[in-house]
Every structure is written in structure tokens, then in C-alpha cells.
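K.L.:
Got a structure for you, written out below as C-alpha cells; questions coming shortly.
Just so you know, all these numbers are worked out from the coordinates, no wet-lab data involved. Computed from a predicted structure; not experimentally measured. Backbone-built Cβ (ideal geometry, glycine too); neighbour counts: all protein chains shown.
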């Protein structure tokens with residue numbers, strides 16, 4: 001039983017936010033029923049996106065709705081508020097936030113108070129001042145971006161098939177991916193597989209007509225799986241005629257021309273940016289301790305160093321890695337750590353409310369997995385290297401076990417089975433991004449302009 005009524009504010013509905021709230025919901029079941037505790041989750045979206053499945057959603061192997069988990073269904077004992085936390089004053093235990101209602105009413109931000117704070121806003125794409133990136137670049141962190149990119153790639157095949165302009169055709173069939181981590185490699189691998197399959201249904205477009213370029217600023221791909229598997233990944237992609245450019249940077253993509261640091265100039269209509277992440281900007285609007293990289297400074301128990309009643313984990317937190325044996329080393333910002341940290345955070349916050357001792361987060365990495373496309377992958381499991389089909393199966397089994405709820409597991413498994421029995425869908429539904437365009441035109445108005453940088457708008 002908690003010592004006094006506790007108002008818990010969870011900022012963010014991603015891995016850490018959802019799993020922490022779920023753990024608290026289970027641990028404090030009795031207290032929530034008696035009104036001795038209250039959990040509020042503030043999140044920009046009413047769902048959690050399972051990002052490891054985004055490449056497969058983009059390739060059409062999984063339906064978009066099965067990549068997300070509805071928070072209100074999972075967190076049925078929590079109050080879920082769709083909105084944005086703008087600033088936090090932890091000295092007075094106050095958070096300033098905006099919701100859909102306050103924006104629609106024009107009433108501005110409102111304040112809410114709390115007793116315990118869980119900061120899990122996650123991260124945002126780390127962009128650089130590259131000319132043309134804001135106008136023409138495509139991100140790959142949300143389900144909307146993944147499906148938009150799928151539609152965009154298929155539309156480029158349609159453009160190449162119907163144009164008589166050789167320059168336009170070449171630009172439409174050139175796909176540049178920037179970033180050689182999980183997101184970039186897996187997205188390119190899955191989409192190249194999908195496009196190669198789709199090309200069979202175009203009479204005048206073949207797989208040899210397409211150019212796929214992967215640009216990485218460092219000298220290796222997939223550092224998470226080790227140097228040997230990184231080299232294997234480079235070799236495997238090049239065998240598929242993917243142009244892998246290591247120690248190369250994107251210097252400009254203005255005027256739809258990708259200019260690389262090696263001097264190459266590539267006319268292209270597709271630039272996908274997956275070059276890293278940075279902590280969420282809301283952290284700079286708090287009075288909480290940050291490290292030199294802008295992350296929340298945590299103790300091994302996941303409470304904030306020097307800020308009582310505040311907790312954090314995941315991408316936004318610098319959590320000491322007690323298993324590394326190396327002072328100052330922190331846990332990697334990946335999903336494997338985030339899910340496990342959330343469980344420890346939820347338990348420790350429960351212990352703190354009940355006056356019990358906390359325990360440190362300690363986790364040794366059991367393995368790393370990456371998909372390189374259909375039936376292709378790499379994995380490192382307890383120090384053993386696995387490649388090809390076995391690695392791909394391990395990748396799927398690992399993430400099927402991690403995706404939340406039995407409902408999602410069953411639906412994803414069913415879709416995988418159906419995808420293995422039937423051919424992939426190659427339909428572009430780009431019009432879904434602007435559903436009112438046809439009606440506006442029929443009503444005598446002009447269709448709303450497509451936002452800059454939108455994948456469909458680039459078609």
C-alpha cells in the first residue's frame with residue numbers, strides 16, 4: 001500500500017511510456033481501484049508504434065494497423081491524454097501541456113500538477129543543415145512515414161513506366177537512403193525487395209533499371225551487430241546491386257539532385273533520411289539534470305540524479321550500464337533496453353511509493369537482429385554469428401515475442417503466413433494522405449496544397 005495518494009504523470013506513449021504505465025497499472029491495481037493512485041499518460045498519438053516492424057509495413061508484409069498498439073485498450077486503468085507537454089517545472093511539480101481541445105478552443109496551454117514524474121518522450125530524427133533536405137527528404141520513424149514511403153516508391157515506378165523523358169525516368173528509379181543503422185539498412189532491404197517484385201508487373205521497368213544507394217558517414221554498417229556482420233551486410237547488399245557508399249555524406253539534395261561528399265551528383269526523387277536520432281526537444285524546457293548530449297542524467301535505479309520523484313528511461317535517458325565494467329558508459333538507445341528499463345522503472349517507482357528499497361537496472365545484450373529483406377538477415381546471438389534465412393527467422397521470432405498484446409502477436413503471425421502463401425500487394429494508396437482532394441474539386445474549390453516534403457507531394 002502506498003503511503004499517500006500519488007498522482008503519476010507519464011510523458012510519452014512509446015516503448016518506455018506504455019510499458020512503464022502498464023507495469024504501474026498492474027503493480028498498483030488495488031491502489032488505483034481505491035483511488036490512492038492516479039496514472040496520467042500524455043502522448044502525441046493515442047497509440048504506441050512498434051518501430052522494428054516499420055520496414056515490413058513499408059514493404060507490405062504487415063498491415064499498418066498491426067504495427068501500432070492502441071493505448072486506451074492496453075492502459076484501461078490509466079488516463080490517456082492526447083497532447084504535447086511543452087515544459088516542466090519540477091521544483092513546483094507542474095507540467096504545461098497542450099491538447100487537441102486547447103488548440104481547437106484557442107485557449108492555449110494548460111497546467112497540470114503531479115507527485116511523481118516519468119519522462120519518456122523518446123527521440124526525434126537528428127537532421128543536419130543539408131540544403132534541400134527539409135523540402136525533399138523523407139523520414140522513417142512513424143507508421144505514417146513508412147506507408148507514405150511505400151506509396152511513394154510504387155508511384156515512382158508508375159512515373160518511370162509512363163514518362164518519355166529519360167532524365168525523369170532515371171531520377172524516378174534512383175533511391176537514396178542516408179544512414180547505415182538498423183532503420184536505413186532494414187528499410188532499404190525491404191523496399192528494394194518489394195520494388196523488385198513490383199517491377200515484374202511493369203512491362204518497361206526491370207530491376208536492372210533501378211538504382212539503390214546507401215550512404216553512410218562512417219566506415220561500417222549496423223554497428224550493433226558487430227564488425228564481421230557489418231562487413232557481411234555490405235557484401236550481401238552489393239551482391240543485390242545496392243550501391244553502398246561508406247565514409248560518404250550527403251551534402252545537398254536541393255533541386256532533386258543528391259550531392260555526395262565523394263563528388264557524385266545523383267538526380268533522384270527519393271531521399272530517405274535515417275541518419276540517427278537526438279533526445280526530444282522538450283527536455284530543454286525542463287529544470288531537470290541533462291548530460292552533455294542533452295539526455296536526462298539517471299542513476300542505475302532509473303531515478304534522476306539530483307531530482308527526487310523524477311524518473312526516466314529509453315532514448316531520452318543516460319542510464320549507466322552497470323554490466324559494462326567501464327565507468328561513464330551508458331546503455332545503448334535501442335528497443336531492447338527500453339522495454340527492459342520500463343519494467344524496472346515501473347517496479348522501482350512502485351517500491352518508492354511503498355517505501356521499499358530500489359534495485360539497479362542491469363541487462364546483458366543477448367543478441368542483435370536485422371532484416372535485409374525477405375528471407376535475408378543477420379543476427380548475433382550470445383556471440384554467435386547467424387546469416388541468411390536462419391537470421392531472418394530469428395529476427396521475426398524475436399520481434400513477434402516482443403510486440404505487445406496477444407491480439408497483435410496473432411494478427412502479425414497470421415499476416416506473415418498469408419504473405420508467404422500469396423504474392424505481395426503492389427497497390428499505391430497515396431490518395432489516402434489527402435482524402436478530401438476529390439471532393440474539394442467536385443465542390444468547385446481547389447484541392448488543398450500538399451505539404452512540403454510530403455512523399456506523395458514529390459510525385
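K.L.:
Once the cut-off is 21 Å, how many percent of the Cα-Cα pairs in the stretch 259-342 end up in the long-distance tail?
P.N.:
41 percent
K.L.:
Between residue 227 and residue 5, what is the label-to-label distance in nm when each label sits 7 Å out along the Cα-to-Cβ direction?
P.N.:
In this crude label model, residue 227 to residue 5 measures out at 6.0 nm.
K.L.:
Stokes-Einstein diffusion coefficient for the stretch 315-358 at 20 °C in a medium of 1.002 mPa s, Rh from the Kirkwood formula over Cα pairs: what value in µm²/s?
P.N.:
185 µm²/s
K.L.:
Hey, could you get me the Stokes-Einstein D for the stretch 203-264, Kirkwood radius over alpha-carbon pairs, 20 °C and 1.002 mPa s, rounded to whole µm² s⁻¹?
P.N.:
The diffusion coefficient I find is 164 µm²/s.
K.L.:
Run the simple label-point estimate for residue 322 and residue 168 please: 7 Å along Cα→C-beta, distance reported in nm.
P.N.:
Taking the simple label geometry, residue 322 and residue 168 are separated by 6.3 nm.
K.L.:
Further, regarding this structure: Using 13 Å as the cut-off for backbone N distance, which residues of the stretch 197-239 belong to the label zone defined by a point 7 Å from the Cα of residue 384 along Cα→Cβ?
P.N.:
No residue passes the distance filter.
K.L.:
Using a/c under 1.5 as the rounded threshold, could you call the stretch 88-177 rounded, prolate or oblate? The axes a ≥ b ≥ c are square roots of the C-alpha gyration tensor eigenvalues, and prolate needs a/b larger than b/c, oblate otherwise.
P.N.:
Prolate is the answer for the stretch 88-177, as a/c is 1.5 or above and a/b outweighs b/c.
K.L.:
Then there is this: Using only the alpha-carbon atoms, how far is helix 143-162 inclined from the longest principal axis of the chain? Give it as 0 to 90 degrees, nearest 10.
P.N.:
Roughly 10 degrees, rounded to the nearest 10.
K.L.:
Can I ask one more? Given all pairs of different Cα atoms, what value in angstroms does the Kirkwood hydrodynamic radius of the stretch 286-382 take?
P.N.:
Result for the stretch 286-382 stands at 14.6 Å.
K.L.:
Same structure again: How long are the semi-axes of the equivalent ellipsoid of the stretch 214-312, defined as square roots of 5 times the Cα gyration tensor eigenvalues? Whole Å, largest first.
P.N.:
Its equivalent ellipsoid spans semi-axes of 38, 20, 10 Å.
K.L.:
Could you give the angle, 0 to 90 degrees to the nearest 10, between helix 227-239's Cα long axis and the longest principal axis of the Cα atoms of the chain?
P.N.:
The two axes meet at around 30 degrees.
K.L.:
Still on this structure, please answer the following. Taking the radius of gyration and the Kirkwood hydrodynamic radius from Cα positions alone, what is the Rg/Rh ratio for the stretch 1-135, to two decimal places?
P.N.:
Taking Rg over the Kirkwood Rh, I get 1.04.
K.L.:
Taking each pair of different alpha-carbon atoms in the chain once, compute 1/r for the pair, average those values, and report the inverse of that mean as the Kirkwood hydrodynamic radius in Å to one decimal.
P.N.:
Here the Kirkwood hydrodynamic radius works out to 23.6 Å.
K.L.:
On to the next question. Rounded to the nearest 500 deg cm²/dmol, what is the calculated helix-only ellipticity per residue at 222 nm for the chain, with -39500 (n - 2.57) per DSSP H run of length n ≥ 4?
P.N.:
Rounded to the nearest 500, the figure is -10000 deg cm²/dmol.
K.L.:
What's the angle, to the nearest 10 degrees (0 to 90), between helix 15-27's Cα axis and the longest principal axis of the chain?
P.N.:
40 degrees
K.L.:
So what's the gap between the Cα centers of the stretch 361-426 and the stretch 256-329, to the nearest angstrom?
P.N.:
Computed from Cα coordinates, the inter-centre distance equals 26 Å.
K.L.:
Over the chain, what is the percentage of antiparallel beta bridges among all DSSP beta bridges, to the nearest 5?
P.N.:
About 50 percent, rounded to the nearest 5.
K.L.:
For the peptides 236-244, 146-154, what is the packing order when you average, over each peptide's residues, the other Cβ atoms within 10 Å and list the highest mean first?
P.N.:
Top to bottom by mean Cβ count within 10 Å: 146-154, 236-244.
K.L.:
Let me see the pair-distance distribution of the stretch 38-97: every alpha carbon pair, 10 Å bin width, integer percents in order.
P.N.:
Reading the bins upward from 0: 21, 36, 28, 13, 3.
K.L.:
In addition: Stokes-Einstein at 25 °C, 0.890 mPa s, Kirkwood radius from Cα pairs: D for the stretch 369-424 in µm² s⁻¹?
P.N.:
The calculation lands on 205 µm²/s.
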